[in-house]
Amino acid sequence: MAEIAQGGGGGHGDKKVRSKKASTRVDMTPMVDLGFLLITFFILATTLSKPSSMSLAVPDKQNKDQPQDTEPLKASKVLTLFLGKDNTVWALDRIAADDDKAKTDLKKISYGPDLRTLIFQAQAQVDREHGKDEKGISQFVVVIKPLKSSTYKNMVDALDEMAVTKSKRYALVDALTTSEKELLGDKAD
Amino acid sequence: MPAVKPKRNYPMMDMTAMCDVAFLLLTFFILTAQFKAQDAATIETPSSISAIKVPDKDIMIISIGKDGKVYFGVDNQVTRLGMLENISQTEGIQFTDKQKKVFSLQANFGVPIRSLPQWLNVGVTNPDKMKEVPQPGIPTDSTAQNELAKWIYQARRANKDLRIAIKGDNVAKFPVFKDVMASLQAQNINKFNLITGTEAPPAGWKAD
């Protein structure tokens, strides 16, 4: 321990009465203890990692009286992802839902590397076939359709995948068309 | 010959430097501290590679619990009071000063407007009991009773600089999020933030 050194002298045949020198050193140990205790408290009480945020912009709501004319998307440029239950994704790669081949082409994949590879493949394919548009942006479009049974995490994962694959054009759509409902059947629940 | 007295020498250590370090760190932690808010529900957010930080002030957080309950909160006590004042005017419910005080201390809440006074009374009499009161969540479903939309509107009236963030739990179902989004879109709010944890982007990925 940090004791205070005292005394010493005296007893050497020195007869002179010396006034005992009071040491001015203070034992710092309790103060250090207190300091570290408070540090511990403040470390534990503060939020360590600040959460980050991803911004999501959705289109303006449409005026029902004046529906805007929009050009329908070409199915050959679109990858549709249906987010289903139990962390599965049903992907429709560049095929319209009312196409005859849609039923056999509907792929079941999982999140993570599988989904990423699929997006990259589709992206490369579309770029090869259609090239970039006049602004130099890829014409590849991803349509994300979270189904009722999907979770919030699934949606964030899918949106995050858009950031990872740098797919600039994507849409978050919650309504299913009739042909899509038919195609998915009971998977849509 | 006197017996050899062993010299009693206590090992000594100078604590001053250590003390200095301890207090320096303490000062740092005190100054940077941002206390964890007492939330109505624990929410585990999914993670994303996004690196945008959530703003510190002027923010409204709509939380979605794992059971699909919706909680609402704004960061500033002044905004909270203004918001309560506005709600009390439009809904015709009077709050006492004590109730307002309790309300201004709540980081977020998930109580329908009708049962708000009752819930705040618990806080007036016994603040520790407040945590134990079950919170049913803010109604978001039907358009007439969409209280979340009312809160959002009144909060924005109280502080027009408010930014909007949605904090959802991993396992919260998508339809709840859709309802929240519909409440926002009904007021022409088309841009908002989703609060997520941070995860490392895949190797070789670069932001443009």
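The values are calculated or read from the model by the stated rules, or taken from the named source; none is laboratory data. Bear in mind that the values here come from a model prediction, so they are computed numbers and not experimental data. Note: ideal-geometry Cβ built from the backbone for every residue, glycine included; neighbour counts use all protein chains shown. Just so you know, the surface numbers come from the protein's heavy atoms only, side chains and all, with ligands and any DNA or RNA stripped out. Shrake-Rupley method; radii C 1.70, N 1.55, O 1.52, S 1.80 Å.
Annotations for the structure displayed:
- Solvent exposure of the protein assembly as shown amounts to 61 Å² per residue of accessible area, where only protein heavy atoms count and the probe is 1.4 Å.
- Residue by residue, segment A:120-128 carries 3J(HN,Hα) couplings of 4, 4, 4, 4, 5, 4, 5, 4, 5 Hz when phi is fed to the Karplus relation 6.51 cos²θ - 1.76 cosθ + 1.60 (θ = phi - 60°); x denotes Gly or Pro.
- Set of aspartates and glutamates with alpha-carbon distance to residue A:77 below 14 Å, sequence-local pairs under 8 removed: A:93, A:127, A:129, A:133
- Each label point was placed 7 Å from the Cα along the Cα-to-Cβ direction; for residue B:114 and residue A:33 their separation is 5.8 nm.
- Greater than 19 Å apart at Cα, pairs in A:101/A:168; A:85/B:173; A:168/B:66; A:153/B:167; A:85/A:145; A:103/A:181: A:101/A:168; A:168/B:66
- Remark: mean inter-chain Cβ contacts per residue of B:172-184 equal 4, using a 10 Å Cβ-Cβ cutoff to other protein chain atoms.
- The mean number of Cβ atoms from other chains found within 10 Å of a Cβ in peptide B:159-165 is 1, as a whole number.
- Per DSSP, loop chymotrypsin sites (Phe, Trp or Tyr not before Pro) in segment B:108-208 with at most 10 further Cβ within 10 Å: none
- Accessible surface buried once A binds B (1.4 Å probe; total of both sides; Å²): 5000
- Average beta carbon contacts from partner chains per residue of A:158-164, 10 Å cutoff: 4
- Directionally averaged shadow of the protein assembly as shown, computed from the convex hull of its alpha-carbon atoms, nm²: 34.6
- Amide H contacts for residue B:167 (H built 1.01 Å from N in the peptide plane; partners 5 or more residues away or on another chain; cut-off under 5 Å): B:62, B:63, B:64, B:195.
- Mean Cα-pair separation over length for segment B:47-198, i.e. relative contact order, pairs under 8 Å, 6 or more apart, %: 34
- Full-stretch length increase - residue A:128, residue A:46 - with 0.36 nm per residue and alpha-carbon distance subtracted: 24.4 nm
- Electrostatic dipole magnitude of the protein assembly as shown [Cβ: Lys, Arg +1; Asp, Glu -1; Cα centre; debye, to 20]: 1820
- Residues in segment B:185-200 reached by a label modelled at residue A:116 [backbone nitrogen below 13 Å; 7 Å Cα→Cβ]: B:199-200
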